[in-house]
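Have a look at the structure below before the remarks.
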Amino acid sequence: MSTHTTAVTVPGQCPEVTRYLPWTDPQFRIDPYPYYARALAEAPIMRDDHDGSFVLTRYEDLMHYGRLPSVRIAPEWEKAGAWRVLLDMALGHDEPGHTRLRRLTSKWFTPKRVREWAETTAAITDRLLDGLGQDGLVDGSDLAVEVTHRTVCHILNIPADDHDEVRRKMRQAMPILSARPSQQDFERAEEALDELRGRTAALIEAKRKNPGEGLLGSLVAAQDRGEMTAAELLATTLFFYVVGHMDATYLICSGLHLFTRRPDLFDAFRENPDKHEAFVAELARFDAPEPVVTRATTEDLVIHGVHVPAGRSLRLMLGAANHDPAVFDNPDEFDFTRPPEQTRNLTFSFGSHGCQGRLLAEAEIRVVFERIAARFSRVELTAEPDIRNTDASRHYFTLPLRLHS
């Protein structure tokens with residue numbers, strides 16, 4: 001048995017999770033941070049009587065238990081309905097399969113390559129901003145989705161005019177990952193992923209006929225060499241094609257929304273180009289787009305005196321850990337001047353399963369803000385945004401803005 005705390009288990013030490021994190025409560029889904037704060041202070045581990053899982057919130061605990069060799073990712077994807085497809089790509093594998101598959105895509109997301117992709121993002125953003133009317137009206141969500149999806153499609157070297165349809169299907173597929181998915185969520189996700197798998201298969205077939213350059217051509221060649229299976233090719237391509245825009249899109253929207261509420265932050269961003277990367281890092285800490293990851297235990301653990309049997313799920317609350325006052329001073333304040341030791345957020349996960357596209361996402365966010373800041377002096381909200389979140393993912397459906405010259 002692996003232990004981090006060796007006290008004897010006392011049932012009262014492990015409260016039922018919905019006392020602190022009411023998964024389906026609309027207010028919790030819009031603003032979970034007050035709920036996280038209470039859980040961080042009073043309940044470092046909670047149990048979910050609905051499915052027998054355990055929930056952790058503290059930064060130190062996530063970093064420790066999330067990295068244990070006995071805490072695995074693969075079994076959890078078996079429970080993910082239509083998202084089981086990801087069992088066939090790096091994200092669904094533990095070692096050694098994870099490293100084998102990740103190496104096939106890693107060269108496309110090095111710092112040098114990301115600098116190239118950032119130039120693509122800038123050109124796309126400029127073109128879309130050029131198309132705005134004199135009134136400066138734009139839906140920030142539309143802008144963010146189109147910029148990020150087109151950038152990913154450029155990397156894959158595939159057509160990029162289907163961003164609206166991909167976004168619609170992803171909105172349909174994501175609720176299944178919440179702690180309380182409904183039967184309708186499973187059915188809608190199956191329908192959405194079935195269509196997206198079909199689109200992805202067609203892209204792969206077209207690439208076989210016209211290889212060209214790009215990530216997808218590289219993956220097709222890897223399969224032809226016997227370095228990945230057909231299922232792994234489909235799952236890996238599907239992931240980049242339909243998921244590659246999501247976190248950056250949300251954080252672009254979150255940042256633009258923040259600029260409407262805090263014009264001083266937009267001014268600070270415009271006036272401090274040397275702080276742009278720090279600003280994006282703080283934004284990622286402040287409002288994680290996917291505030292939870294799930295793992296599975298393969299041996300018994302004792303966590304804060306609570307016995308966690310092998311074969312149980314652990315829900316690791318990244319969004320809560322990013323606001324842990326033991327790590328971040330004044331965690332509920334947006335402060336892009338934090339010292340380096342307080343910028344290590346977990347938004348893009350951690351350890352071997354850290355997000356491979358993190359550098360790209362951060363570059364896309366920064367570049368979109370920079371291109372807007374170069375042209376406009378103020379970002380105004382013209383109507384209330386349509387925000388639809390679950391406990392596991394956050395989404396701007398609309399973000400009506402006016403950009404002032």
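Overview of values
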| read-out | value |
| --- | --- |
| Within the range 43-94, considering residues that are in contact with a Ser or Thr (Cβ under 6 Å, 6 or more places away or on another chain) and either under 18 Å from residue 179 (Cβ atoms) or among the hydroxyl-bearing types (Ser, Thr, Tyr) (or both), the one modelled with the highest pLDDT | 53 |
| Test result for residue 298, hydroxyl-bearing (Ser, Thr, Tyr), over 27 Å from residue 145 (Cα atoms), surrounded by fewer than 23 Cβ atoms within 10 Å (Cβ to Cβ) and in contact (Cβ under 8 Å) with a residue 60 or more places away in the chain | yes |
| Condition check for residue 270: more than 25 Å from residue 192 (Cα to Cα) and assigned by TED's automatic domain parsing to the domain that holds residue 101 | yes |
| Residue match in the range 168-179 (condition: exposed (fewer than 15 other Cβ atoms within 10 Å of the Cβ) and in the same structural domain as residue 220 (by TED's automatic domain parsing)) | yes |
| The range 24-42: number of residues that are of a type in the set (A, V, I, L, M, F, W, C) and closer than 17 Å to residue 179 by Cβ | 3 |
| Yes/no for residue 226 being on the phi > 0 side of the Ramachandran plot and not basic (Lys, Arg) | yes |
| Boolean, residue 392 is touching a Pro at 6+ places or on another chain (Cβ under 6 Å) and either of a type in the set (D, E, K, R) or farther than 24 Å from residue 126 by Cβ (or both) | no |
| Any chance residue 21 is touching a Phe, Trp or Tyr at 6+ places or on another chain (Cβ under 6 Å), modelled with pLDDT of 90 or more and hydrophobic (A, V, I, L, M, F, W, C) | yes |
| Test: residue 312 is among the basic types (Lys, Arg) and either at pLDDT below 95 or surrounded by fewer than 23 Cβ atoms within 10 Å (Cβ to Cβ) (or both) | yes |
| Inter-residue pairs, beta-carbon under 7 Å, first at negative phi and in the range 239-250, second among the aromatic types (Phe, Trp, Tyr), 6+ apart | 250/396 |
| Flag for residue 206 being over 18 Å from residue 160 (Cα atoms) and in a helix (DSSP H, G or I) | no |
| Residue match in the range 281-303 (condition: in a helix (DSSP H, G or I), over 27 Å from residue 105 (Cβ atoms) and within 18 Å of the chain's Cα centre (by Cα)) | yes |
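Residue by residue, here is whether (1) among the basic types (Lys, Arg); (2) surrounded by fewer than 17 Cβ atoms within 10 Å (Cβ to Cβ); (3) under 20 Å from residue 273 (Cβ atoms); (4) in the same structural domain as residue 104 (by TED's automatic domain parsing) holds:
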{"residue": "332", "(1), (2), (3), (4)": "no, yes, no, no"}
{"residue": "336", "(1), (2), (3), (4)": "no, no, yes, no"}
{"residue": "341", "(1), (2), (3), (4)": "no, yes, no, no"}
{"residue": "357", "(1), (2), (3), (4)": "no, no, no, yes"}
{"residue": "363", "(1), (2), (3), (4)": "no, no, yes, yes"}
{"residue": "369", "(1), (2), (3), (4)": "no, no, yes, yes"}
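The values are calculated or read from the model by the stated rules, or taken from the named source; none is laboratory data. Here the structure is a predicted model, which is why all the values come from computation and not from measurement. Don't worry about glycine lacking a Cβ; one is built from the backbone with ideal geometry, like all the others, and counts go over all protein chains shown.
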